[in-house]
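Structure first, then comments.
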Protein chains: 2
Amino acid sequence: MRIHIHELADSPFSPITRDEFAGAAQEAGPIGAGHQVTFGTTIEEFVEQAPMIEALIAGPHTIRKLDLSLAPHLRLIQSTGAGMDALAPFDRIPKTALLLNNRGVHADRAGEFSIMAMLMLATYMPRFASNQRAKKWERLTSSIVAGKRATIVGVGGLGGGAARRARQFGVHVTGIRHGNAPHPDCDETKTIDQLDRVLPETDFLLLACPLTEATRNLLDAWRISLLPERAGVINIGRGGLIDQPALIEALRAGRLAGAVLDVFAREPIPADDPIWDAPNLMITPHISSDDPLRYNAATLALFFENLRAIAQGRVPPTLVDRVKGY
Amino acid sequence: MRIHIHELADSPFSPITRDEFAGAAQEAGPIGAGHQVTFGTTIEEFVEQAPMIEALIAGPHTIRKLDLSLAPHLRLIQSTGAGMDALAPFDRIPKTALLLNNRGVHADRAGEFSIMAMLMLATYMPRFASNQRAKKWERLTSSIVAGKRATIVGVGGLGGGAARRARQFGVHVTGIRHGNAPHPDCDETKTIDQLDRVLPETDFLLLACPLTEATRNLLDAWRISLLPERAGVINIGRGGLIDQPALIEALRAGRLAGAVLDVFAREPIPADDPIWDAPNLMITPHISSDDPLRYNAATLALFFENLRAIAQGRVPPTLVDRVKGY
């Protein structure tokens, strides 16, 4: 198969190297053999390769900027990111190409980030950071997190990884998912319709679902008002899941224990955005799913797993449903 | 036995209540029965009770302020804190009384705080907090902590709890302890003399040992210079373990990934202390061992365990060695 690996210079993803591809191809066995692989970092290089490309491996921000109509033989697009919101409504993605993302690759790192954020909220770290700016020593005591309750919206790769780590610390995990099929790492699962009834019992609200038209502004002023004052909010999904001005207002009013946010309405956050000055908030720059030491290898392993499924006539494990948007 | 429970109003410890004592006494079985118990919060109340007291239960800051020579029958002092540095050199503690601390009670909470701090340092949280103050978006990527190396100075209750949690995340733990007897939660142990050889390989340096004349300024400018630039420093022991100006200088110079400090040379930190403005540092107000929901019950359980050992002629498990200082 003619595979083209592309990452534009301004992409937040670190480019897959020739060595990384060769290593993953060898690991994959027969399905990894016999491919012709090209690499590119500029629009011009893509235009040049496009007529031959059968499979494209690229980050979503790169895919969005490429004119895929130049690639008539394109059958397969492997995104090196999981969130598909940058590509929705998918009108520029050829309908005849299989669109695959890399969901699941981020589970371990997202799990670590999430338990760190829960421990930080339980320990009042965001408030201590605000106090530090004001040179204020305020001794707020807290206990271990065992017995506290986490509500995790979305228990796919990210949320599942978070649930796994949270339970290691004795946190009670309620997973919010389509249907409410049991999840091996959740104490219980609920549907999104039941979220409002769970919020008043929540210590840690973790948003880890895709951004779609159905989930935009999921955490709005009303739902924030349902959270108890001891609750903390964590967002590792997408900024658009939260009504950001409403959250800032709640933090300013001391209506919450704090928040740890990794994703924002606008990224990079502009210097004049009021979120920089919100109290009891810790801002991280969209890094909660990074894992550079293992990321590209894991994505490529998934690519070959998808290829193998296709060769065997199975549905590839990370095929994107363009109606659902993930 | 005539037991007096005392906590002065300005103590950072939350006072043991009559109900908490009754509950713990009942839990303890026969050894908890038949005691006469009094409570006090002022110097006057202590003076009044002193002639009758056989056992005193109090925090170290309270013990230091009480005139124990007024209590001729005092045989047993159970500290509700583990650090004995406030009482050293013990010249005001009657030599004929057994001095007991509550080491071990803090293990679970200290373990949670420590793994939180390690994850924060691996994720550049202290630097992100500095960036947030400057409204600066800087995307620093990082990976999961598996395979990183923690050096834990002191693997008693605090350090042991930290080692246990760190290993759950695949962190390689080197424990620094007297002698170098193996520790069940450490991958390896070294003596303090070997510390300088371990520092250059350290990702997380966690100080969790008692403050004594032997450990004062343990982390000085020289040892800081032995740490690699990627290393982070965590202190949950005592402020005096670190040459604080030297650490501030290293943080300012960007010589370290960051620091998470819970204890300080002066507490509360005065408003004019330069540490408030040190970059890449997260300050918490001496809360890393708090666990109010379980703390008093655990301390009282230990008190009765000590009583039981004494009744059976064994060495009480948390007897303080006044020469070693812990």
Practice problem: Could you grab the relative contact order for the range A:1-152? Cα pairs under 8 Å, six or more apart, rounded to a whole percent. | Solution: 18
Quiz prompt | Ellipticity estimate at 222 nm from DSSP helix runs (n ≥ 4, -39,500 (n - 2.57)) divided over chain B, nearest 500 | solution = -8500 deg cm²/dmol
Self-check item: Lys, Arg +1 and Asp, Glu -1 on Cβ, resulting dipole of the protein assembly as shown about Cα centre, debye, nearest 20
Solution: 640
Quiz item: Projected onto the charge dipole of the protein assembly as shown (+1 at Lys/Arg Cβ, -1 at Asp/Glu Cβ, origin at the Cα centre), which of A:Gly59, A:Gly32, B:Ala134 gives the Cα projection farthest towards the positive end?
Solution: A:Gly32
Self-check item: Cα→Cβ-extended label distance, 7 Å offset, between B:Arg139 and A:Leu293, nm
Solution: 2.2
Quiz item: So for the protein assembly as shown, taking the charge dipole from beta-carbon charges (+1 Lys/Arg, -1 Asp/Glu), which of B:Leu98, A:Pro270, B:Leu218 sits furthest toward the positive end?
Solution: B:Leu98
Self-check item: Residue order, fewest to most surrounding Cβ atoms within 10 angstrom, among B:Ser69, A:Ser142, B:Ser288
Solution: B:Ser69, A:Ser142, B:Ser288
Exercise. Report, for B:Glu27, each distance to the same residue's label point in the other copies, shortest first and in nm; define the point 7 Å along Cα→Cβ.
Key: 4.8
Quiz item: Between B:Asp193 and B:Asp321, what is the spin-label point distance in nm, taking each point 7 Å from the Cα along the Cα→C-beta axis?
Solution: 1.7
Quiz prompt | Estimated inter-spin distance, A:Val37 and B:Ala86, nm [label 7 Å along Cα→Cβ] | solution = 6.2
Quiz prompt | Teacher prompt: B:Leu319 distances to equivalent labels in other copies, 7 Å Cα→Cβ, nm | solution = 7.3
Quiz item: Gain in length, B:His73 to B:Arg216, computed as 0.36 nm per residue apart minus the alpha-carbon separation, to one decimal in nm?
Solution: 48.0 nm
Self-check item: Among the listed pairs B:Lys190/B:Lys324; A:Lys65/A:Lys95; B:Lys95/B:Lys190; B:Lys65/B:Lys190, those beyond 28 Å (Cα-Cα)
Solution: B:Lys95/B:Lys190; B:Lys65/B:Lys190
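Placing +1 at every Lys and Arg Cβ and -1 at every Asp and Glu Cβ, with all other atoms neutral, what dipole size does the range B:107-283 have around its Cα centre, in debye to the nearest 20?
In debye, rounded to 20, the range B:107-283 gives about 500.
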Quiz item: If R0 is 30 Å, what FRET efficiency do you get for B:Ala9 and B:His178 from their C-beta distance, rounded to 0.05?
Solution: 0.20
Quiz item: Taking the label point 7 Å from Cα in the Cβ direction, how far apart in nm is B:Ala86 from each other copy of itself, listed shortest first?
Solution: 5.4
Self-check item: chain B - percent relative contact order, Cα under 8 Å, separation 6 or more
Solution: 17
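Given charges of +1 on the Cβ of Lys and Arg and -1 on the Cβ of Asp and Glu, with all other atoms neutral, how large is the dipole of the range A:41-180 about its Cα centre, in debye to the nearest 20? Mind dumping the intermediate values first?
On the way: 18 positive and 10 negative charges, 234 e Å.
It works out to roughly 1120 debye.
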Practice problem: Report, as an integer, the average count of C-beta atoms from other chains found within 10 Å of each Cβ along A:133-140. | Solution: 6
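Laboratory data are not the source of any read-out in this text; all were calculated from the coordinates shown. Just so it is clear, the structure is predicted and the values come from calculations on it, not from any experiment. Counting neighbours? That spans all protein chains shown, and the Cβs are built from the backbone with ideal geometry, glycine included.
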